[in-house]
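Written below as structure tokens is the structure these notes are about.
Read-outs: derived from the displayed coordinates by stated rules, not from any lab. Because the structure is a prediction, the values reported are computed rather than measured. Using ideal geometry, Cβ is built from the backbone for each residue, glycine included, and neighbour counts are taken over all protein chains shown.
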2 protein chains.
Amino acid sequence: MNVGEPGEETMAVRLVAALRDEIVTLRLRPGDAISESDIAARYGISRQPVREAFIRLAQQGLLLIRPKRATVIKKISPDGVRQSRFIRESIEVEIVRRVALCADGAAADQLNALIAEQEQASEIHRFHELDEEFHRTLARIAGVEYAWRLVEDHKIQLDRVRYLTLGVSSQQRAIAEHKIIVAAVSNGDAAESEAAMRDHLARAEHLLSQTIADYPDYFEPVDEALEVAL
Amino acid sequence: MNVGEPGEETMAVRLVAALRDEIVTLRLRPGDAISESDIAARYGISRQPVREAFIRLAQQGLLLIRPKRATVIKKISPDGVRQSRFIRESIEVEIVRRVALCADGAAADQLNALIAEQEQASEIHRFHELDEEFHRTLARIAGVEYAWRLVEDHKIQLDRVRYLTLGVSSQQRAIAEHKIIVAAVSNGDAAESEAAMRDHLARAEHLLSQTIADYPDYFEPVDEALEVAL
DNA sequence: GTAGCGATTCTTGTATGGTAGATGAGCGCC
DNA sequence: GGCGCTCATCTACCATACAAGAATCGCTAC
């Protein structure tokens, strides 16, 4: 297992990226136990950098470190997914509101260029990259790129679910919705922009409960009180 | 220096709380350099737990670890403060929107009880506690307590500024604004609730530039492009 | 066959030593 | 006197060793 170029960043930082990828793509599955020693052996390093990577991942909500017991890949929490969506919607709605109020022609051009690229993209991986780039660009235009990094940190919870439902994505629809958003912000219409973004983010909502039914082992148990809200 | 009861959590976790407090209260001042060895000696432990505490604090944006060089208390970033406010406003606005749509009588009672307590509170520390409790209660009613913890994590940037401006707070005004918010959500008026929350959060805006002028050493330099936005 | 107890073997937490790189002081050279 | 190099010293990074709690397997007693 390669862990990136040796020399640039510290080993611990590279490990975070590597493990994060393994978790999102479910090569490390929710509920799996991993030990510092195992990972250290797999990567041919000592326990210490592994330990530090674990700390970072635990703070991101991906690992659960149980002192003196074990460290496990956190199961996907349906309530966590719901609240991650809440966070994302809160911030992205506010972003497009601001973009609508301050966007100029150059901004619209950037966004349209990304959409054009997305229409060309054939493979799904590239499509998702461009999707991320579209949203990040909106954040940059609004001047809150740091806030977007925050969304990215929490989007990983949503990404694990998305990875389970690959194939059902409707790329054409996503592109159409992006166009609606750009049109609204270009007109400087904050209310319309907000509505368009809410629509766009609400798209995948109904998939979650089906996914839980398909992969119950990957999810934390839900108490009935929340079930209706999902 | 006491670091809390020995036995419950790990030393590293207790250190995080202790150092965090020292940073917010500016006993550790922005720009100060601290080394693993120093802190380890001060607390009478080894370097390893200190190191892990540093990692956690760095991820929270309070420390800047410069490999092979030194670790310093991050200076307050005016742009970071601005974006932390953006994050807070985004989420809190969305919270009151939802509370307005789902709040019942019991919820309003809880909020009113907190306001009543706040009117009695004499010392400023207790007042701020109740202020936090008010906002956290709103989040709980909306069912997004986790999202609020996120706001708290970033509020620490704002708290350092607030610590510099103690005394100028206008408690009566804050209470009045809380009442307006409760009235709006009780009426189920989402738009009015949103507006009231935006007003409430905008209160301390003008203080930042004055604070930067008073304590320039505690802040990162600002590029002129941003100055107008503060 | 089963329940209960104990040693073994996991796990993470902490301590310490050694290493590479960056910084800054002091000296020599221009 | 001022500029540049060398070296001592500091830093965080990584490796290794030890400690302590938790879980599990296996034995023993019933």
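The convex hull defined by the C-alpha atoms of segment A:163-216 has an orientation-averaged projected area of 4.1 nm². Can you list, shortest first in nanometers, how far B:Arg173 lies from the same residue in the other copies, with each label 7 Å from Cα toward Cβ? Taking the point 7 Å beyond Cα along Cα→Cβ, the inter-copy spacings are 4.8 nm. The slack between B:Leu26 and B:Tyr215, meaning 0.36 nm per residue of separation minus the straight C-alpha distance, is 66.8 nm. When a/c is below 1.5 the answer is rounded, else prolate if a/b is larger than b/c, else oblate, so apply that to segment A:11-73 with a ≥ b ≥ c taken from the square roots of the Cα gyration tensor eigenvalues. Cα axes put segment A:11-73 in the rounded bin. In terms of its C-alpha gyration tensor, segment B:121-176 comes out oblate, because a/c is 1.5 or above while a/b does not outweigh b/c. Does a label point 7 Å from the Cα of A:Thr10, set along Cα-to-beta-carbon, have any residues of segment A:121-155 with amide nitrogen under 18 Å, and which are they? Under cut-off, by backbone N: nothing. Of the residues B:Glu220, B:Glu89, B:Glu119, the one that moves most in a GNM of chain B with alpha-carbon contacts below 10 Å is B:Glu119. Here, segment B:78-214 is characterised by an Rg to Rh ratio of 0.95, where Rg is the alpha-carbon radius of gyration and Rh the Kirkwood radius. Relative to the longest principal axis of the Cα atoms of chain A, helix A:47-59 runs at roughly 40 degrees. From the Cα gyration tensor of segment A:89-160, with a ≥ b ≥ c the square roots of its eigenvalues, which class applies: rounded if a/c is under 1.5, or else prolate if a/b is larger than b/c, or else oblate? Here segment A:89-160 falls in the oblate category.
For A:Ile34, the residues whose amide H sits under 5 Å from its own are A:Thr71, A:Val72, A:Ile73, ignoring neighbours fewer than 5 places away on the same chain, with H placed 1.01 Å from N. For chain A, the calculated P(r), taken from all Cα-Cα distances in 10 Å bins from zero up to the bin holding the longest distance, is 7, 28, 31, 23, 10, 1 percent.
How big is D for the protein assembly as shown, in µm² s⁻¹ as a whole number, if Stokes-Einstein is applied with the Kirkwood radius of its Cα pairs at 37 °C and 0.692 mPa s? For the chosen part, D equals 136 µm²/s. Springs join every pair of Cα atoms under 10 Å in this Gaussian network model of chain A, and among A:Pro78, A:Pro216, A:Pro30 the largest mean-square fluctuation is at A:Pro216.
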